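Written out below as structure tokens is the structure these notes cover.
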Amino acid sequence: MLATALQYSHTLLQEILQPGEIAVDATMGNGHDTAFLAELVGRTGHVYAFDVQELALNNTAKRLAETPELAKRVSLIPAGHETLDQHLPADCSIKAAIFNLGYLPQSDKAVITLPETTRQALDALLLRLAPRGRVILVCYYGHVGGAEELASVRDYCRALPQKEYNVLNYQFINQQNQPPILFCIEKKR
Ligand SMILES: C[S@@+](CC[C@H](N)C(=O)[O-])C[C@H]1O[C@@H](n2cnc3c(N)ncnc32)[C@H](O)[C@@H]1O
């Protein structure tokens, strides 16, 4: 079977992220991606994970506490990804970042990621992205505001210069349930 967008996002991360490198989970939620990134960066790497909801931070902290070795590799940042500039050194080289855009499952659907702040975070990430580094966005868009954010992300990705970035769009086009749509921005050098 073809990989879902979520499965494929992990393949794209796994292909490039090496022990000792730095990664960002821009939307930690329940911490699935945070834990996955923490495995990949190994003992000498580090993961910076962002979320605006206390519930997300608590759920992620609980997940990481199950494997204390992983918890040591992660900074849980109680702030929006648009503040990335304030939390990561300007000269840090980020090898991989992931966004799961939308709302926290089984939670308040009013707290959603937003086009403008997502763009701000992307600007800050691309400035720090390592050669061959990847930024992955998995866009859920079935909720109110989701379609606008998807359009904004698509426009942002389309406008990136081909000389500097490869941009991939992965989506199923015959499904009725609005499965998530993936974008991957790869820095060429
Ligand atoms: C689809 S969920 C993420 C799921 C997560 N990747 C996981 O493994 O469970 C989206 C998350 O983005 C968070 N969020 C909303 N606005 C944000 C912002 N400006 N910065 C960081 N996170 C934000 C929400 O609180 C929510 O937890």
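Distances between placed amide hydrogens fall under 5 Å for PHE172 paired with no residue 5 or more residues away or on another chain. Counting heavy atoms of the protein chains alone, VAL167 has an accessible area of about 60 Å² for a 1.4 Å probe. Which of ILE94, ILE136, ILE16 ends up with the largest GNM mean-square fluctuation for the chain, with Cα atoms connected below 10 Å? Top of the fluctuation ranking is ILE16. Pairs of Lys residues in the chain that lie 8 or more places apart, or on two chains, and have C-alpha atoms under 18 angstrom apart add up to 5.
Of LEU122, LEU137, LEU88, the residue with the greatest mean-square motion in the GNM of the chain, using alpha carbon springs below 10 Å, is LEU88. Quick check on segment 48-189: take the gyration tensor over C-alpha atoms, sort the square-rooted eigenvalues as a ≥ b ≥ c, and tell me if it's rounded (a/c under 1.5), prolate or oblate. Judged from the Cα gyration tensor, segment 48-189 comes out oblate (a/c at least 1.5, b/c at or above a/b).
Within the accessible area of segment 5-187, the carbon and sulfur atoms contribute 50%, probe 1.4 Å, all protein chains present.
All other residues with a Cβ under 14 Å from the Cβ of PRO115 taken together, and with Lys, Arg as +1 and Asp, Glu as -1, what is their net charge? Every neighbour counted, the sum reads -4. Between VAL144 and LEU2, what is the FRET efficiency for a Förster distance of 25 Å, r being their Cβ-Cβ separation, to the nearest 0.05? The formula returns an efficiency of 0.30 here. Work through the residues other than LEU13 whose Cβ is under 13 Å from its Cβ and net out their charges, Lys, Arg +1 and Asp, Glu -1. Spelling it out: positives minus negatives among the neighbours equals -3.
Our estimate of slack between GLN176 and ILE16, defined as 0.36 nm per intervening residue step minus the Cα-Cα distance, is 54.4 nm. GNM on the chain, alpha-carbon springs under 10 angstrom: the most fluctuating residue among PHE172, PHE99, PHE50 is PHE172. Accessible surface area normalised per residue over the chain is 51 Å², counting heavy atoms of protein chains with a 1.4 Å rolling probe.
Just flag the trypsin sites (Lys or Arg not before Pro) in segment 79-126 sitting in loop per DSSP whose Cβ has no more than 15 other Cβ atoms within 10 Å. Of the trypsin sites (Lys or Arg not before Pro), the ones in loops of segment 79-126 whose Cβ has at most 15 other Cβ atoms within 10 Å are LYS109. Within a Cβ distance under 15 Å of VAL135, other residues only, what is the Lys/Arg minus Asp/Glu net charge? Summing Lys and Arg as +1 and Asp and Glu as -1 gives +1.
Less than 5 angstrom separates the built amide H of ALA130 from those of ILE94, LYS95, all sequence-distant by 5 or more or on a different chain.
Placing +1 on the Cβ of every Lys and Arg and -1 on the Cβ of every Asp and Glu, with nothing else charged, gives segment 84-189 a dipole about its Cα centre of roughly 520 debye.
The values are calculated or read from the model by the stated rules, or taken from the named source; none is laboratory data. Remember, it's a predicted structure, so these values are computed and weren't measured experimentally. Note that we place each Cβ from the backbone using ideal geometry, even for glycine, and neighbour counts take in every protein chain shown. Just so you know, the surface numbers come from the protein's heavy atoms only, side chains and all, with ligands and any DNA or RNA stripped out. Shrake-Rupley method; radii C 1.70, N 1.55, O 1.52, S 1.80 Å.
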